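What follows is a short report on a single structure.
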Amino acid sequence: MKINCHCHIFSLDCVPLEFRKRFALDVKNPIHRFIHRLLRIILPDDSNLEAWIDLLDLSISEIAHRLVQEMDEAGIDISTPLMMDMEFCKGFGGGTKSFQDQAAETIEAVEEINREYGRTRLYPFIAADPNREDVVNIVIDALKGGSFKGVHPVKSPKGGSEAAFHGVKIYPVMGFIPNDRRLYPIYEYCMDSGIPITAHCENGGIPGLDDYYHLAHPKYWGIVLNDFPGLKLNLAHNDRTGSPWQSVIVDLIMRYPNVYTDCSYDTEMMFIPRKYFRSIKQMLNTPKIQDRLLYGTDWYMGRCFWTEKSYLKWFTTYSRRIPWSRVKFTGEEIKRMTEDNPGRFLGFN
């Protein structure tokens, strides 16, 4: 059972309007729409960039169906769509779909897909931003199975009822630090209940402003873990290959029993594949760390570069074919990264 531990299905109207305007992503703007049409004409048929542009106009439900279609093509059984709360983004705040609507539409899309397939395909994570009023009650209620506009909990692969949301997403570069005390009741609840948290832990990402990337530094999670040592935490993206952040992430993995990292969206796998894949290979052969590396793609953020199928093939096929790379992952290593470790992180085994 292959699991993608890092993906997204939020629609473009969940992104601050000012951000959309700055990067020509406002689908209601006639100039931006013209640019998109022009790109479709210029780009080769079935190009990855054109497929990414096509996602801009879709609803959460439509994006979710596209994700599952690509999951089927890649042989991915389960994915964990991560909500994003961007209303309070320090660089581009405002002009977003309401958090309540995003949460409700996310669960509705998940329920629809799981019902269509007759089994669980998607396990959504709810976003937590300390600047949201009553964030603790909102998040904990959602994790306990509280409904958004009447939607209901999803089902577990083990059988039985699950909460509407299966985990929590923390995105510090919106303008807060992970050890913000307003988040501590959520951490306490998650640790006590074995609920996983995925945190953006990369020196980059939305909102595209360097002034805020440092807020995602893993050193802040060291402070959190000192108070909540049993927290089940994915420090996502594993930052950049060879960056100073990586050593901090590895140290936290070695010191705490439930700290993980994922391999989602790193363009270095294309630009410096030898260094990137050797780093992943080394992690998969290092005691303790080998059990904490999770598979993730960050779909659809990198959809302009790869599909769900081609992302997985970078590990199973392409890495061994590149003359200057030649890194071969064994079946056991792939299984550990895509099945065993994600299953443990999500509480399936």
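Here are a few things to note about the model shown:
- In this structure the stretch 243-333 gives 43 Å² per residue of accessible area when probed at 1.4 Å with all protein chains present.
- From phi via Karplus (6.51, -1.76, 1.60), per-residue ³J(HN,Hα) for the stretch 190-202 in Hz, x at Gly/Pro: 5, 5, 5, 9, x, 8, x, 10, 10, 10, 4, 9, 9
- Net charge in the neighbourhood of Thr307 (other residues with Cβ under 10 Å of its Cβ; Lys, Arg +1, Asp, Glu -1) is 0.
- Extension gain, Ser47-Met1: 0.36 nm per intervening residue step, less the Cα-Cα distance, totals 13.7 nm.
- Amide H contacts of Cys7 (H built 1.01 Å from N, in plane; Pro and chain starts excluded): Thr80, Leu82, Asp298 sit under 5 Å, all sequence-distant by 5 or more or on other chains.
- Relative to the current alpha-carbon distance between Asp54 and Lys28, full extension at 0.36 nm per residue lengthens the span by 7.9 nm.
- Counting charges near Val250 (Lys, Arg +1; Asp, Glu -1) among other residues having Cβ under 11 Å from its Cβ returns a value of +1.
- 3J(HN,Hα) along the stretch 235-247: 8, 5, 5, 6, 6, 8, 4, x, 6, x, 5, 4, 5 Hz, from the Karplus curve 6.51 cos²θ - 1.76 cosθ + 1.60 with θ = phi - 60°, whole Hz, x for Gly and Pro.
- Candidate residues Arg115, Arg40: accessible-area rank, largest first, probe 1.4 Å: Arg115, Arg40
- Cα-Cα over 29 Å, subset of Lys2/Lys144; Lys219/Lys313; Lys21/Lys169; Lys97/Lys169: Lys219/Lys313
- Prolate/oblate/rounded call for the stretch 186-276, Cα gyration tensor, a/c under 1.5 rounded: prolate
- The H on the amide N of Asn234, modeled in the peptide plane, is under 5 Å from the matching H of Ile197, Thr198, Ala199, Tyr260, each at least 5 residues off or on a different chain.
- Inter-part distance, the stretch 46-114 to the stretch 162-220, computed on C-alpha centroids, equals 19 Å.
- Sulfur and carbon atoms: percent of accessible area, the chain [1.4 Å]: 51 percent
- Accessible surface calculations at 1.4 Å, restricted to protein heavy atoms, place the stretch 1-114 at 42 Å² per residue.
- Judged by the gyration tensor of its Cα atoms, with axes a ≥ b ≥ c, the stretch 1-130 is oblate; a/c meets the 1.5 cut and b/c is at least as large as a/b.
- Table column - 3J(HN,Hα) (Hz), the stretch 72-85, Karplus curve with 6.51, -1.76, 1.60, x for Gly and Pro: 4, 5, 8, x, 8, 8, 9, 10, 10, x, 9, 5, 10, 9
- Exposure rank, largest accessible area first [Leu225, Leu38; 1.4 Å]: Leu38, Leu225
- For Asp227 and Met254, the FRET efficiency from 1/(1 + (r/R0)^6), where r spans their Cβ atoms and R0 equals 22 Å, is about 0.75.
- Options (1) 37, 23, 17; (2) 27, 26, 21; (3) 32, 26, 22 - which one matches semi-axes √(5λ) of the Cα gyration tensor in Å as calculated here: (2)
The values are calculated or read from the model by the stated rules, or taken from the named source; none is laboratory data. Treat the numbers as computed from the prediction; the structure is a model and nothing was measured. Because the Cβ atoms are built from the backbone with ideal geometry, glycine has one as well, and the counts that use them run over all protein chains shown. Quick note on the areas: whole protein, heavy atoms, side chains included, nothing else; ligands and nucleic acids left out. Shrake-Rupley method; radii C 1.70, N 1.55, O 1.52, S 1.80 Å.
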